[in-house]
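The values are calculated or read from the model by the stated rules, or taken from the named source; none is laboratory data. Small disclaimer: the values here were computed from a predicted structure and weren't measured. Glycine gets a Cβ as well: all are built from the backbone with ideal geometry, and neighbour counts include every protein chain shown.
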Amino acid sequence: MSWRLLTGYQLCRLCLFRKLEPALKIKPSACIIYETDSKSNKENIRTVEKLRSCSVDVGKIRRLKGWVLLEDETYIEEITNILKELGANKTVIASILERCPEAIVCSPAAVNTKRKLWQMVCKNDKELIQLINQFPEPFFTVKDQENQKLNVQFFQELGLKNIVISRFLTTASSIFHNPVDNNKRMIGVLQKSYLNLGGSEASAKAWLLKLLSQNPFIVLNSPTAVDEILKFLQGQGFTNSEVLQLLSKLKGFLFQLQPGSIQNSISFTKTTFECTDCDLRQLIVKCPALLYYPAPVLEDRIQALLKEGISIAQIRESPMVLELTPQVIQYRIRKLNSLGYRIKDGHLSSLHGTKKEFENNFTKMQAKQGRPFFNPVASLNVEE
């Protein structure tokens, strides 16, 4: 039932109940709500029924994004038809709509435009629907479509492979909403910086594409930030070659740092390892984590190593160990201890590397000692 005042305002239910009590005096201004600000809190029955007919768990949508069910206009049939045309079955469609219910309020025309955009970098519809199923939210974000298209074309012209661009569309979609001119400007700044730091024309493109594939968000930086960081490092005595190595090793994340934070890390490192300016620069180039991580983080990691009996001299000899968290260090030291290897008496290089690299090295160490491998999923041969 709709109740309205002569002034054009809508009365809330609690105030309506109170208005019917003559003994209770209330101020009208305290209980009226502008009609333009009010919204029905009733679910769209047609939307709920159509979702259920698609085997969608409506309860899950209520918990996650219930506002979708309140919308007057939805496009369930149109969106499901688009997904079917791409090869999605009923189970996949239900899964997509449950995880990204806002898809049903997207204009079918806009979704078709987005489909054409993603088809520019996908081999076929099978690959496209797999991407949509994995990352439905970026696909059903249908704003700035013309700008997104221009960015896709720009990255293709730059030389990035379609498989890399498709990864960007799903995991770094914000760079496609960035004005294409801004992205072009930033790429130009990076190319110019590489050449100014001594990089060759012949390797500039390969260097840039590798950097971009490692960290696409680098294009969201400003040219001013890039110039500020490069000048700061040069002011600290780093040569052009050393700055270029830091830029490459840190995959462009260098530009997300502030000179003040870098200065604190440099001062902490110099004091902790008691080294000269020249030794300090060599240490940082060897382990850029000394520049990237704030001083408190570095201090926590060093203290964790010292508690394990590792000396400052060992850390200085192999600073890459500071790229690992204390938890990872403790885990790896325990595993090495199980082989009788005492890390405090040896070199820290056995702790380095990614998880896969460490596990491979650990397996080789086991093999050298002639220890049997334990497969936790293998069946046991037990004599009855």
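Values computed for the structure shown
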| item | result |
| --- | --- |
| Check on Pro288, under 23 Å from His347 (Cα atoms) and crowded, with 19+ Cβ neighbours inside 10 Å | yes |
| Residue in region 257-267 that is out of contact with any Lys or Arg (no Cβ under 6 Å at 6 or more places or on another chain), more than 22 Å from Ala289 (Cβ to Cβ) and hydrophobic (A, V, I, L, M, F, W, C) present | no |
| Considering residues of region 156-170 that are assigned to a helix (DSSP H, G or I) and touching a residue at least 40 places away in the same chain (Cβ under 8 Å) only, the residue farthest from Leu128 (Cα to Cα) | Leu158 |
| Residue within region 216-228 that is part of a helix (DSSP H, G or I), more than 23 Å from Asn178 (Cα to Cα) and of a type in the set (Gly, Ala, Ser) present | no |
| Qualifying residue in region 171-193 (condition: out of contact with any Cys (no Cβ under 9 Å at 6 or more places or on another chain), in a helix (DSSP H, G or I), in contact (Cβ under 8 Å) with a residue 40 or more places away in the chain and within 22 Å of Gly66 (Cα to Cα)) | no |
| Tally, over region 151-175, of residues that are out of contact with any Pro (no Cβ under 7 Å at 6 or more places or on another chain), surrounded by 20 or more Cβ atoms within 10 Å (Cβ to Cβ) and either over 18 Å from Leu208 (Cα atoms) or of a type outside the set (A, V, I, L, M, F, W, C) (or both) | 2 |
| Flag for Ile175 being among the β-branched types (Val, Ile, Thr), modelled with pLDDT under 95 and out of contact with any His (no Cβ under 6 Å at 6 or more places or on another chain) | no |
| Residue match in region 225-247 (condition: among the hydroxyl-bearing types (Ser, Thr, Tyr) and either within 27 Å of the chain's Cα centre (by Cα) or farther than 30 Å from Gln191 by Cα (or both)) | no |
| Qualifying helices (runs of 4 or more DSSP H) (wholly inside region 235-353; at least 3 residues being hydroxyl-bearing (Ser, Thr, Tyr)) | 259-273 |
| Output for region 192-206, where each listed residue is within 24 Å of Arg167 (Cβ to Cβ) and touching a helix residue (DSSP H, G or I) at 6+ places or on another chain (Cβ under 6 Å) | Tyr194, Ala204 |
| Residues being within 24 Å of the chain's Cα centre (by Cα), among the charged types (D, E, K, R), within 25 Å of Gly159 (Cβ to Cβ) and assigned to a helix (DSSP H, G or I) - total across region 116-145 | 1 |
| Single residue of Leu283, Leu211 found to be under 26 Å from the mean Cα position of the chain (by Cα), surrounded by 15 or more Cβ atoms within 10 Å (Cβ to Cβ) and of a type in the set (A, V, I, L, M, F, W, C) | Leu211 |
